[in-house]
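Values in this text are rule-based calculations from the coordinates and carry no lab data. Keep in mind that this is a model prediction, so the values were computed, not measured. Counting neighbours? That spans all protein chains shown, and the Cβs are built from the backbone with ideal geometry, glycine included.
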Amino acid sequence: MSLRLLLRLNYLVFSGILFFTGCASFSGSAPAELSPSQLENLRNSNANYLLSGRILFKHPEGKQSGELALQISRNSELKLSIFTPLVGSLIYELRAGKKKFLILNYQEKNFVLADNNQQVRQTWLGMDISLTELKWLILGQIPEKTPNWQRKKLADGELLLTQGSAEIRLRFNASGQIESMHKSLEGLLEYQAKIPLYQKHYNLPFPRKISIEDYSGTNKWLMVFNEIETPSGTMKTLDFTPPPDMQPLLRDQ
C-alpha cells in the first residue's frame, strides 16, 4: 500500500471517529475535590498537563492523522505525538521548547532540528503559532497578566494583544473561555483558531475541540481531546537529540 493511500485511509477513519466521538466526556481519574490553591494553580496554567485524543495535522511536508498524545510542562515545553489509528504505531512527533524545535517523522526516517523562532515555525508548521499561543488554546484561557503583550479591551468585548507588528484578537464565550483567536502579522492574517466545544475536568472547563487554520486554509490542526490529566511533580525535560537512524530533512527536498 502506498503512503499516499495509507494517509487517505487514515484520514477517512479519523474523520469518522471525530464525527462519532465529538460529544464524549473527558475520562481519567480525578480526585473527589481539590484545595483552593490547587484549583488556582490549574486556572493559572501553573501545572503539568497530559492530554490524549485524535488529531488531523496538515502542514507543508504533508498530512498526519491519528491518535494524539500531548504533553505540556509547567516549564512551557511541549511534546505532540501522533500514532496510527487502531495500530498505535508512533509515526510523527513535534517537540518544542523555548529555544529548540524538533520534528521527528518516523515513517520517512527524517527529522528537523532548528531554533524555535518565527521563520522556523512558518517554514515547518505553515504558520507562526508560538508555544505560548498554542498553550493558551489548549487550556482555553490566557493568564491574567501577559508581560510581553500590550492588552486592550475592545468595544465589542474582544481582547486585543499587541507585540510589535503582531496582533492577537480573542473572543470569549459566556463563561470567559476562549471561543476564537486570530493572529495577524504586519496587518495580514497569520492564522485563526476556534474552540467550539468545552468539557469539564476537575470541575473546570477545558477545550474538547480545537481548530487552528492558517490564512490560506492549507495548513490546519484539528484536535479532539478525550482525556486529560494533571500529574504532580516535575516532568522530564525534553530531549532534542534526533535518533541516530534518522536523516535531516531539507526544506527544498
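Points to keep in mind about this one:
- Per DSSP, loop GluC sites (Glu not before Pro) in the stretch 97-203 with at most 12 further Cβ within 10 Å: Glu144, Glu186
- Low-density loop cleavage sites - trypsin sites (Lys or Arg not before Pro) in the stretch 178-253, where at most 13 other Cβ are within 10 Å (DSSP): Lys236, Arg251
- Each Lys or Arg adds one and each Asp or Glu takes one away; over the other residues whose Cβ falls under 11 Å from the Cβ of Pro207, this sums to +2.
- Cut-off 13 Å between beta-carbons: net charge of the residues surrounding Leu86, Lys and Arg +1, Asp and Glu -1: 0
- Proximal lysines to Lys98, defined as alpha-carbon separation beneath 17 angstrom and excluding residues fewer than eight positions away on the same chain: Lys79, Lys135, Lys236
- Note on Thr241 and Leu197: the extension gain reaches 12.2 nm, defined as 0.36 nm multiplied by sequence separation minus the Cα-Cα distance.
- Evaluating 6.51 cos²θ - 1.76 cosθ + 1.60 at θ = phi - 60° for every residue in the stretch 113-127, the Karplus couplings come out as 10, 8, 5, 7, 9, 4, 5, 5, 5, 5, 6, 9, 10, x, 6 Hz, glycine and proline recorded as x.
- Radius 15 Å from Cβ of Glu158, net charge of other residues (Lys, Arg +1; Asp, Glu -1): +4
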